[in-house]
Amino acid sequence: MSLPGWWTIDPTEPFTLGPRQFPGRIWTASGCFAYGLTGHEMKAEGFSSPYQGVGAVVTKTVTPQARPGNPMPRLVETNEGALNSIGLENVGFEEFLAKTLPALEEMGVPTVVSLAATRPEEFGDMVSRLHQAAVGFVHWHGVEINLSCPNVAEGGHDFGRDPDTVAACVRAAREYLPDRALLAKLTPNVTDISGLATAAAAAGVDAVSAINTVVGLEVDLKSGRPVLPRRFGGYSGPAIRPIALAKVDEIITRAKVPVVGVGGIGNDRDALKFFALGAVAVQVGTAQMRDPFTAARIAKDLAGV
Amino acid sequence: MSLPGWWTIDPTEPFTLGPRQFPGRIWTASGCFAYGLTGHEMKAEGFSSPYQGVGAVVTKTVTPQARPGNPMPRLVETNEGALNSIGLENVGFEEFLAKTLPALEEMGVPTVVSLAATRPEEFGDMVSRLHQAAVGFVHWHGVEINLSCPNVAEGGHDFGRDPDTVAACVRAAREYLPDRALLAKLTPNVTDISGLATAAAAAGVDAVSAINTVVGLEVDLKSGRPVLPRRFGGYSGPAIRPIALAKVDEIITRAKVPVVGVGGIGNDRDALKFFALGAVAVQVGTAQMRDPFTAARIAKDLAGV
Amino acid sequence: MSLMQPPDGPRTMIDLPVMPAASCEGVVVANVPVSSGLLQLVVEFDSPVTFQPGQFAMLNLAGDSALVFSRPFSIYEAKDRRMSFLYRVVGRGTRALNALEPGAALVFLGPLGRPFPQPDPDQPVVLIAGGVGLPPLAAWLDRQAGRHAGEIDAFFGARDGGDVPWDLLGDRWNISLDSLKDLPAGRQGWQGLVTDLVASRQDLGNRKDRMVLACGPTPLLKAASRLASARGWTCWLSLEEHMGCGYGVCKGCVVPVHDASGGPGHVRNATCCTEGPVFNAADLAWQD
Amino acid sequence: MSLMQPPDGPRTMIDLPVMPAASCEGVVVANVPVSSGLLQLVVEFDSPVTFQPGQFAMLNLAGDSALVFSRPFSIYEAKDRRMSFLYRVVGRGTRALNALEPGAALVFLGPLGRPFPQPDPDQPVVLIAGGVGLPPLAAWLDRQAGRHAGEIDAFFGARDGGDVPWDLLGDRWNISLDSLKDLPAGRQGWQGLVTDLVASRQDLGNRKDRMVLACGPTPLLKAASRLASARGWTCWLSLEEHMGCGYGVCKGCVVPVHDASGGPGHVRNATCCTEGPVFNAADLAWQD
Ligand SMILES: Cc1cc2nc3c(=O)[nH]c(=O)nc-3n(C[C@H](O)[C@H](O)[C@H](O)COP(=O)(O)OP(=O)(O)OC[C@H]3O[C@@H](n4cnc5c(N)ncnc54)[C@H](O)[C@@H]3O)c2cc1C
Ligand SMILES: Cc1cc2nc3c(=O)[nH]c(=O)nc-3n(C[C@H](O)[C@H](O)[C@H](O)COP(=O)(O)OP(=O)(O)OC[C@H]3O[C@@H](n4cnc5c(N)ncnc54)[C@H](O)[C@@H]3O)c2cc1C
Ligand SMILES: Cc1cc2nc3c(=O)[nH]c(=O)nc-3n(C[C@H](O)[C@H](O)[C@H](O)COP(=O)(O)O)c2cc1C
Ligand SMILES: Cc1cc2nc3c(=O)[nH]c(=O)nc-3n(C[C@H](O)[C@H](O)[C@H](O)COP(=O)(O)O)c2cc1C
Ligand code: FES
Ligand code: FES
């Protein structure tokens, strides 16, 4: 693609977000590239690794306790989209702190740690312990608090739909995170996402990430029952891009909060649409699953200015 | 397709909804088949007309005053979906009453009249005048109050997002509509659609129609600006089907209100998914634009029991 | 009111499409380039097909790969059970069309819209086509050539010699080209805008009762309209608007037209697919 | 711990994939039926390719028509710059694959996953394949035939004679069929379940150190696993789980495995695409 005239940024150059400089603006999204430790050894022509030019890996969301996740099947493909019901399977905060984070630092992966919890204090606890454990780490750039995962029965869902709770969680995390970027990942499954963004900004985030998955359901025709054992899943992929673009625009124009755009980005053109609306960075989710080099390819294609 | 074992209904047989018997369960959705007067003379093999087997045509939404609609372009195709920003262009209630409704009766089109207004009283007025004007009409089966059109700046948008307003509009309409079906068409752009359905049911609807379009946005890469002059459009088509299914399931399982399912239905398989969740009828929107016989084809395919 | 006379009110208020449209599948029998920019798609149906020049069809892929919206294309030819279209690849839909091989199924809705009006028996006619605006006018010329008693002058503007489907056009067309590049031996082209070529033809200025039929990019249509009104000619334009349905149900294709019935200066939205795509230039409320 | 010995803990806790996977495009050079139910897809790459039997690749269409998720297919053969797959058309993705003509581009990620283990030099091996479970075992046999000192008994179960790719299989395979329909002249088939055929082979009962490698539908894998455990054989199964990424990042493909490290009876989710697809049957916590 020839880049449009209005595009003047090199997304592989450092940029500042809150108290932190990130190495670039094309990130991978939480849950679609594991903890950022997978794929280092993978090959593709023209790339040293899938991390080349990538501004940050947002880790799979980590919860205070390890979680086994939901029963299978966890994924359904639909027209131009996918539903997932992974159920926040993750190694838990202790193991993440002990093994994963040091490994990320050692491998030089620019990292944003995604955290989820059910009470604001837990966010504070996790962030403060993270901060202590990572003293001197240069590749850890920030925290994204996941206030939106629609798959977890007891947690994220209704939780992140209330501006006061969003504010409380952000405040708790911000207190222990003076020197790294703090992002809040918002759910699109609300009447007023810009209200959530306003609350998050007032409580101290440097940017919001939008959007997490949209609540969706697919029916198995043979049985007449939902395909996913938990009925609902999180809808992602190209099909949600227009929704993500609308939510990002709503936040930027109404709440005037910096936004990291997520939702249906699979190539340079898709990413440009978010930047056109004013996103400061973008994340690649579902498309990263198809090809570990997707974010790297986008970064390369958009750097050609 | 061979029909699944759990499917035992003939959707071209009459069924009762509230005080009214409808000739069938496959309907066309508002705004995608005009007023139901277009296409009578169209041909397709195996069909006498595009109305064959169709349970109801929901008319384009009619407002108290005629509306010229939004500036062009009004439509954008995206991956497996479309954004529209028609802006409720319609002939206005007076002309609808004087010309359109009698024509529908004369042509024998099973009709549900879609109405929108900005105040509850207006719904009451329109319904009562409709009722007077249609004395003796046998093909007019009901009213769908459109509480959800996301394209009208001053009207539908925030309006239908509040359960109290939904209830007030339903109540106003119900008062003058003892003998026809009353439906409320709900917006998916809310945190809690089942709360809206509960409010609508308490105020007297016979069913809710779900869903109207999802707020979306598409960017023109060349200019870097939204394609639609009003920025946002209503997202419809296959891409929103998983969202529609989720909302329908939410309403049926939580609010326990009868639902007419709408969103991304283009063939028998799509329709079956809504019926599987318990929808009493379904509407075909965007797919009807591609082929005026879509609803008729679905009715025929699903009647093969 | 007959289509033969220029309307006094907007013609857009009168009749219905000329013939019932059919929704059916056809089978691609050919899909080949006829110039550097144009392809000809030939589709075969189960039964005989017909149309009036100026009418169009909505085309789509069959089955699971169907596009959300079908795409409008002027009908170029119909004979027995075959219909053909001339198209240019511009985006996703036309790319998909281009990939169809003979034998592929295609979804068809048509013929749709109002055709070009019938001129008076000996009324002189000027045809002005630009690029993919050619098919409806070429169709018109095919029907009228040898039948219509009045003079017919046909003008076609293309990018360069390679962009002209010489074999299809025969020798009735005056060709104007942006560039004389790729002009085949023995062929002639005038360099410049097609409407300037028409304007330069002094002999056409002699009669006021001439009828212009034009189809092409908007600047061409505007220029044709200006030229016609300067000379007192009636002028009918075939417009290309984005379309969702093509048969009048979505209101996605509106064109502002003057509507005296609404009071002086009143403008209303006409539905391009059913009230057009052919409009009297005088009715159009161009916004420039 | 080497792959040659049955693991004492879950093997799922050890090593990384055997070789770096590549993300690249290939070009289809052939896509043809090899039996009534199986097609062979041959893909050519820019540089030489290699794999270990049991490994798979994620395949997708190139460009705009890419499926949201790539689809996993066992690698059947690799030679120089070509790799081939055997597949059955079951849904949207395999239908799309089936429509690819020679020359079409294809998106490839692989080789992925852990291969079948290497048996001890003279350990006897039984291969049990069912339907599209054939490719990884046929690949294994191709590599080992003539090299492995131990006995190798290969069993393949198919629907009927037409469902067997006779030409690909050569004569090393014992064939079991649901129905003896369409058995070509000169070919033999045993009617019944392939695992019953294995069970009926008395001569196999003689040694406990046999290794079973199986791939096919879940009922086959369970039967193979039961048979092996009854005879004291080690048993490795290649599982088919729905996969989102194929390289371990989405957790969409988990398989419950026993994990003694978590305490007695503890079960954890193993990631089929990176910890498998080949698992030691003893590790699997089947839920039936
Ligand atoms: C009445 C009528 C007759 C036409 N006849 C011909 C013909 O004979 N030959 C031919 O090559 N083209 C013709 N066109 C234009 C043709 O419809 C477009 O080129 C085509 O729709 C482009 O689709 P796409 O998906 O390739 O392009 P994209 O740009 O990817 O399309 C995106 C959307 O915009 C719409 N769109 C894009 N360009 C146009 C356009 N110029 N007019 C209307 N909608 C557009 C598409 O329909 C689609 O909905 C005609 C248009 C109309 C309205
Ligand atoms: C490691 C591995 C190796 C495989 N090797 C082969 C092979 O060599 N030849 C072959 O024909 N098939 C093989 N399969 C199965 C093959 O992946 C599926 O048949 C294919 O994904 C079906 O895709 P579809 O879109 O046609 O079917 P659909 O049913 O339309 O697919 C819908 C979704 O379900 C998934 N799915 C459906 N069936 C299966 C299945 N059996 N296993 C995993 N996911 C499935 C698809 O990937 C897709 O995401 C293998 C599967 C795995 C996990
Ligand atoms: C398989 C899968 C797992 C995901 N897990 C997480 C998660 O753990 N935390 C989170 O914040 N978002 C998670 N997401 C959401 C993505 O980060 C992203 O917000 C969403 O998928 C939309 O972007 P996309 O369309 O590019 O995928 C997950 C998405 C998918 C598809
Ligand atoms: C062009 C267009 C116009 C529409 N106009 C209306 C309308 O006037 N009133 C209304 O209630 N819904 C309107 N809708 C929404 C549809 O009735 C339907 O709820 C929605 O499109 C989802 O269904 P679908 O995916 O089948 O199109 C419109 C949709 C489209 C695409
Ligand atoms: S294209 Fe739908 S009304 Fe004209
Ligand atoms: S398929 Fe994604 S982790 Fe295995």
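Counting other C-beta atoms within 10 Å, and keeping those with at most 12, which DSSP coil GluC sites (Glu not before Pro) do you find in region A:11-104? The partial results should precede the final answer.
On the way: sites: A:GLU41, A:GLU45, A:GLU77, A:GLU80, A:GLU89, A:GLU94, A:GLU95; in loops: A:GLU41, A:GLU45, A:GLU80, A:GLU89.
Loop-located and lightly packed - A:GLU41, A:GLU45.
Basic side chains Lys and Arg get +1 at the Cβ, acidic Asp and Glu get -1 at the Cβ, and with that the dipole of region B:166-286 about its Cα centre reaches some 260 debye.
Projecting the Cα atoms of D:LEU134, A:PRO14, A:GLY195 onto the dipole axis of the protein assembly as shown, where Lys and Arg carry +1 and Asp and Glu carry -1 at the beta carbon, places A:GLY195 farthest toward the positive end.
Note on region C:70-113: with charges restricted to the Cβ of Lys and Arg (+1) and Asp and Glu (-1), its dipole about the Cα centre is near 120 debye. Averaged over the residues of peptide A:80-89, the number of Cβ atoms from other protein chains lying within 10 Å of each residue's Cβ is 5. Computed about its Cα centre, the charge dipole of chain A is approximately 380 debye, with only Lys, Arg, Asp and Glu carrying charge at their Cβ. Note on the protein assembly as shown: dipole from Cβ charges, positive end direction compared against B:GLY55, D:VAL29, A:PHE93; the farthest Cα belongs to A:PHE93.
Stokes-Einstein, applied to the Kirkwood radius of region A:52-167 over Cα pairs at a viscosity of 0.890 mPa s and 25 °C, places its translational diffusion at 161 µm² s⁻¹. In summary, the protein assembly as shown shows an alpha-carbon radius of gyration equal to 1.01 times the 2.2 N^0.38 Å reference for compact globular proteins.
Checking every one of the GluC sites (Glu not before Pro) in region A:122-221 against DSSP loop status and a limit of 16 other Cβ atoms within 10 Å picks out A:GLU154.
In region D:216-288, the C-alpha radius of gyration followed by the widest Cα-Cα span (Dmax) gives 12.5, 37 angstrom. Within 10 Å of the Cβ of each residue in B:275-288, the mean number of Cβ atoms contributed by other protein chains is 2.
Annotation: peptides C:137-144, B:276-283, ranked by per-residue average of other Cβ atoms within 10 Å with the highest first, follow the order B:276-283, C:137-144.
Projecting the Cα atoms of C:ALA230, C:CYS253, C:ALA281 onto the charge dipole of region C:201-288 (Cβ charges, centred on the Cα centre) puts C:ALA230 farthest toward the positive pole.
Just counting partner chain Cβ atoms within 10 Å, what average do the residues of peptide D:233-246 show around their Cβ? Numbers along the way, then the final one.
Details: counts 0, 0, 0, 0, 0, 0, 0, 0, 3, 6, 2, 11, 12, 3.
If you average over the peptide's residues, the count of other-chain Cβ atoms is 3.
Whole-percent P(r), region B:15-302, all Cα pairs, 10 Å bins from 0: 7, 32, 39, 20, 3, 0.
Close amide H contacts of D:ASN174 (hydrogens built in the peptide plane, cut-off under 5 Å, sequence separation of 5 or more or a different chain): D:ALA154, D:PHE155, D:PHE156.
So what is the 222 nm mean residue ellipticity for chain A from helices alone, if each DSSP H run of at least 4 adds -39500 (n - 2.57) and you divide by all residues, rounding to the nearest 500 deg cm²/dmol?
-7500 deg cm²/dmol
Which whole-angstrom value gives the distance between the alpha carbon centres of region C:261-288 and region C:58-103? Taking the Cα centre of region C:58-103 as reference, the centre of region C:261-288 is 28 Å away.
Taking every C-alpha pair closer than 8 Å and separated by at least 6 residues, the mean separation divided by the residue count of region D:125-283 gives a relative contact order of 19 percent.
So for region C:125-283, Kirkwood radius off the Cα pairs, Stokes-Einstein at 20 °C and 1.002 mPa s: how many µm² s⁻¹? It would help to have the intermediate numbers written out before the result.
Details: Rh = 16.7 Å.
Result for D is 129 µm²/s.
The trypsin sites (Lys or Arg not before Pro) of region D:165-211 that DSSP puts in a loop, and whose beta carbon has at most 10 other beta carbons within 10 Å, are D:LYS208.
Since every read-out is calculated from the coordinates, none of them should be taken as a lab result. These numbers were taken from a predicted model, which means no experiment stands behind them. So basically every Cβ, Gly included, is an ideal-geometry build from the backbone, and we count neighbours across all protein chains shown.
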